[in-house]
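The values are calculated or read from the model by the stated rules, or taken from the named source; none is laboratory data. Source: prediction; values computed, not measured. Cβ placement follows ideal geometry from the backbone for every residue including glycine, while neighbour counts extend to all protein chains displayed. Just so you know, the surface numbers come from the protein's heavy atoms only, side chains and all, with ligands and any DNA or RNA stripped out. Shrake-Rupley method; radii C 1.70, N 1.55, O 1.52, S 1.80 Å.
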Amino acid sequence: MSKKILQMKNIIKSYSDTEVLKDISLSVEEGEVVSIIGPSGSGKSTLLRCATFLEKINGGLIQYLDTVAAHTNEEGKVVYVNRNQLTHVKSYFGLVFQQFNLFPHFSVLKNLTHAPILVQKRDSKEVEQEARELLKKTGLEDKADAYPCQLSGGQQQRVAIARALNLNPDILFFDEPTSALDPELTGEVLKIIKELADEKMTMVIVTHEMSFARAVSKRVIFMDGGFIVEEGDPEQVFGDPSQERTKQFLKNYNQV
Amino acid sequence: MSLLTMIIKMSEGLSRTCAIFFLTLIFSLPLGMVVTLLRRSKNKIISSITRAVISVIRGTPLMLQLLAITYGPYYLVGLTVSRNKLVPVVVAFSINYAAYFAEIYRGGIDSISKGQYEAADVLGYTKTQTFLRIILPQVIKRVLPSITNEVVTLVKDTSLAFTVSYQEMFTIGKEIANSQTSFTPFLVAGVFYFVFNALVDFVMGKIEKKLNYYH
């Protein structure tokens with residue numbers, strides 16, 4: 001059995017009165033590509049934001065490899081590890097945002113190299129060399145000295161992916177990575193993600209690109225109303241969904 | 001008194017005008033950032049006190065603040081008013097301008113998208129690193145035009161030092177005008193300020209241009 005990179009157990013997340021995640025469990029094995037689909041407001045993005053500590057959970061457990069980063073104690077309160085340990089846990093994952101969130105005042109190359117040098121205290125020459133290789137891989141080698149504002153949305157998202165990869169994460173999260181892009185630019189970003197999947201990069205992808213999810217993932221999770229409604233092999237979920245809600249959601253997609 | 005004599009006499013005060021100008025900038029630009037951080041503090045008491053102080057400073061005339069800081073210590077605790085007025089003048093100017101800069105910085109910080117903080121957080125930056133390396137450089141670029149505005153105003157505001165008889169250029173000009181019953185010193189002062197501000201515009205324009213490599 002391959003090792004588990006991420007384990008989330010019985011995650012509960014609520015904003016004041018609304019419960020957004022109701023007892024969600026998700027574990028991801030090394031090399032696995034998991035897609036999370038579902039209607040807007042189903043909690044898919046919130047789940048990613050909880051996994052990446054951008055939101056605090058109200059209950060449950062989050063574990064990366066052997067480190068439990070957050071858990072519910074006997075009194076029912078959620079306890080996170082201390083700041084230093086959390087910084088260390090953050091080095092296990094990377095997150096690619098819908099809105100790219102590149103640093104506009106840094107060149108493309110500096111966007112990739114700044115965090116590894118500053119945060120991970122790695123050798124700047126080595127980091128730069130790796131960054132240039134990643135840019136080559138994402139087809140942006142001639143853009144190293146450009147600034148984000150000079151790039152198309154698709155190029156910016158590719159830089160964001162390279163930026164996350166340059167920290168050598170064990171798992172990469174994508175939060176609707178192509179939702180801010182027009183169809184023409186979507187393809188170039190999906191191509192990169194597909195290549196990463198072929199290289200056995202562990203990934204969790206929240207997406208509305210159904211065909212892509214079907215083609216690239218090993219497992220598909222359908223969420224609605226803060227629950228995991230259905231999960232399984234993409235051919236099964238897309239081709240022969242067992243739940244009524246899944247059928248309803250995929251009806252439009254399957255008609256196309 | 002000939003025009004040339006007036007110009008020479010008033011020029012002697014220019015170094016003091018410059019002293020007020022540069023010292024005020026040196027103190028108020030960083031002080032404004034400290035005030036902004038206090039104003040944005042999560043501690044409600046700290047933020048409301050800061051807000052109240054900013055409101056008083058912006059809501060009362062700088063001239064009044066100059067008088068209060070220069071002569072206040074004498075009336076309150078009987079301290080002798082020092083003959084060197086530069087200290088109280090710079091203190092009053094620095095506090096006053098820090099309040100304005102603080103509000104400009106606050107607007108700038110608020111205008112940076114949440115995504116920048118989140119990206120930095122996920123990449124492992126600490127809060128301090130995020131502020132200094134990611135947020136602050138972008139804020140500086142965004143607030144620069146508003147800062148330029150304040151700096152231009154500061155050049156002209158230095159003339160307010162005449163209220164406490166600090167011998168800067170305008171104070172000297174005003175004294176000459178009174179003794180000679182002539183309006184000419186005011187015209188000279190006007191030209192001085194205009195040239196000073198032309199320089200300010202030039203320098204700030206250069207800085208803005210330098211930061212124009214991205215948007």
For this session: Using a cut-off of under 12 Å, list every residue of the range A:6-23 whose amide N is near the label point 7 Å from the Cα of A:Arg245 along the Cα-to-beta-carbon line.
Result: A:21-23
For this session: Give, rounded to the nearest 20 debye, the magnitude of the charge dipole that the protein assembly as shown has about its Cα centre when Lys and Arg contribute +1 at Cβ and Asp and Glu contribute -1 at Cβ.
Result: 1700
Exercise. Once you charge only the Cβ atoms, +1 for Lys and Arg and -1 for Asp and Glu, what is the size of the charge dipole of the range A:140-256 about its Cα centre, to the nearest 20 debye?
Worked result: 120
Exercise. Whose amide H sits under 5 Å from the amide H of A:Asp224, counting only residues 5 or more places off or on another chain, with H placed in the peptide plane?
Worked result: A:Val229
Seminar exercise, completed: In Å², rounded to a whole number, the accessible area per residue of the range A:50-172 with probe 1.4 Å is 44
Problem set entry | Accessible surface of the range B:3-214, 1.4 Å probe, proportion on carbon and sulfur as whole % | 67
For this session: Give the long-range amide H neighbours of A:Gly94: residues separated by 5 or more places, or on another chain, with amide H under 5 Å away, using H modelled in the peptide plane at 1.01 Å from N.
Result: A:Ile171, A:Leu172, A:Phe173
Exercise. Along the range A:174-182, what does the Karplus equation 6.51 cos²θ - 1.76 cosθ + 1.60 (θ = phi - 60°) give for ³J(HN,Hα), rounded to whole Hz, x for Gly and Pro?
Worked result: 10, 9, 6, x, 10, 5, 9, 10, 7
Seminar exercise, completed: In the range B:3-214, taking the dipole from +1 charges on Lys and Arg beta carbons and -1 charges on Asp and Glu beta carbons about the Cα centre, the listed residue (B:Asn96, B:Thr171, B:Val188) farthest towards the positive end is B:Asn96
Problem set entry | Calculated from backbone phi, Karplus (6.51, -1.76, 1.60) coupling profile of the range B:100-107 in Hz, x at Gly/Pro | 5, 4, 4, 5, 5, 4, 4, x
For this session: Rank B:Phe131, B:Phe196, B:Phe21 by mean-square fluctuation in a GNM of chain B with C-alpha springs under 10 angstrom and give only the top-ranked residue.
Result: B:Phe131
For this session: Find how much the distance from B:Val200 to B:Leu14 grows on full extension, using 0.36 nm per residue of separation minus their present alpha carbon separation; answer in nm with one decimal.
Result: 65.4 nm
Exercise. Given H placed on each backbone N at 1.01 Å, which residues far from A:Gly31 in sequence or on other chains put an amide H within less than 5 Å of it?
Worked result: A:Thr202
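If R₀ is 51 angstrom, what is the calculated FRET efficiency for the pair B:Ile46 and B:Ile207, using the beta carbon separation as r and rounding to 0.05?
Here the calculated transfer efficiency is 0.95.
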Problem set entry | Relative contact order (percent, whole number), chain A, Cα cutoff 8 Å, 6+ residue spacing | 25
Exercise. Which pairs, out of A:Lys9/A:Lys56; A:Lys137/A:Lys200; A:Lys90/A:Lys137, put more than 21 Å between their alpha-carbon atoms?
Worked result: A:Lys90/A:Lys137
Exercise. What accessible surface, in Å², does a 1.4 Å probe find on B:Arg58, ignoring ligands, DNA and RNA and rounding to the nearest 10?
Worked result: 110
Exercise. Say the dipole of the protein assembly as shown comes from +1 at the beta carbon of Lys and Arg and -1 at that of Asp and Glu; which of B:Met10, A:Val206, A:Tyr253 then lies farthest toward its positive end?
Worked result: B:Met10
Exercise. Compactness ratio of the range B:3-214: Cα Rg over 2.2 N^0.38 Å, N = residue count?
Worked result: 1.20
For this session: Working from Cα positions, state the angle (0 to 90°, nearest 10) between the long axis of helix B:184-210 and the longest principal axis of chain B.
Result: 20
Seminar exercise, completed: On protein heavy atoms with a 1.4 Å probe, the accessible surface that disappears when A meets B, both sides summed and given to 100 Å², is 2000
Seminar exercise, completed: Gyration tensor (Cα only) of the protein assembly as shown to equivalent ellipsoid, semi-axes in Å sorted down, yields 60, 25, 18
For this session: Mind checking A:93-105 for the average number of partner chain beta-carbons within 10 Å of each residue's beta-carbon?
Result: 5
Problem set entry | Rounded to the nearest 20 debye, dipole of the range A:62-196 from Cβ charges on Lys, Arg, Asp, Glu | 300
